[in-house]
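The values are calculated or read from the model by the stated rules, or taken from the named source; none is laboratory data. Keep in mind it's a predicted model, so treat the numbers as computed, not measured. In this analysis, Cβ positions are derived from the backbone assuming ideal geometry, glycine residues included, and neighbour counts consider all displayed protein chains. Note: areas computed on protein heavy atoms with side chains; ligands, DNA, RNA excluded. Shrake-Rupley method; radii C 1.70, N 1.55, O 1.52, S 1.80 Å.
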Amino acid sequence: MNAERSPQGGAADAAAPAGLSKRDLDILAFERQWWKYAGAKESAVREQFDMSATRYYQVLNALIDRPEALEADPLLVRRLRRLRSQRQRQRSARRLGFEI
């Protein structure tokens, strides 16, 4: 069975797992291809989602912890979780006085 694709490159809303809103799906689609937007990511976030970069990252971090997001886009969610863990380890190491 072929899943219908949305313009953002993800699965269409009808094929999305229950529990994910359109905004959640839009955020995942944006994270898949934000580098295609001209200018800084923060500007694109404000334009696309009408929220500050800080709020966007709060929403994104909560989203990637949800099993529905993992089901919707496992490769992206695992990559984002891995990057978040690496940043957390680096911050912890800096606080303790050494680099990773």
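A few comments on the model shown:
- Matching residues, the stretch 25-51, being over 19 Å from R87 (Cβ atoms) and more than 12 Å from the chain's Cα centre (by Cα): K36, Y37, A38, G39, S43, A44, R46, E47, Q48, F49, D50, M51
- Tallying residues that are over 12 Å from the mean Cα position of the chain (by Cα) and surrounded by 15 or more Cβ atoms within 10 Å (Cβ to Cβ) within the stretch 69-100 yields 0.
- Taking the stretch 91-100 as the range and being among the small types (G, A, S) and part of a loop (DSSP other than H, G, I, E, B) as the test, only G97 passes.
- M1 vs. criteria modelled with pLDDT under 70 and either open to solvent by 50 Å² or more (accessible area, probe 1.4 Å) or part of a loop (DSSP other than H, G, I, E, B) (or both): yes
- Qualifying residue in the stretch 70-90 (condition: outside any helix (DSSP H, G or I) and free of Cβ contacts under 8 Å to residues at least 60 places away in the same chain): no
- Qualifying residue in the stretch 58-66 (condition: open to solvent by 60 Å² or more (accessible area, probe 1.4 Å), in a helix (DSSP H, G or I) and farther than 19 Å from R32 by Cβ): yes
- Scan of the stretch 34-52 for residues that are within 21 Å of L20 (Cα to Cα) and open to solvent by less than 40 Å² (accessible area, probe 1.4 Å), ordered by number: V45, F49, M51
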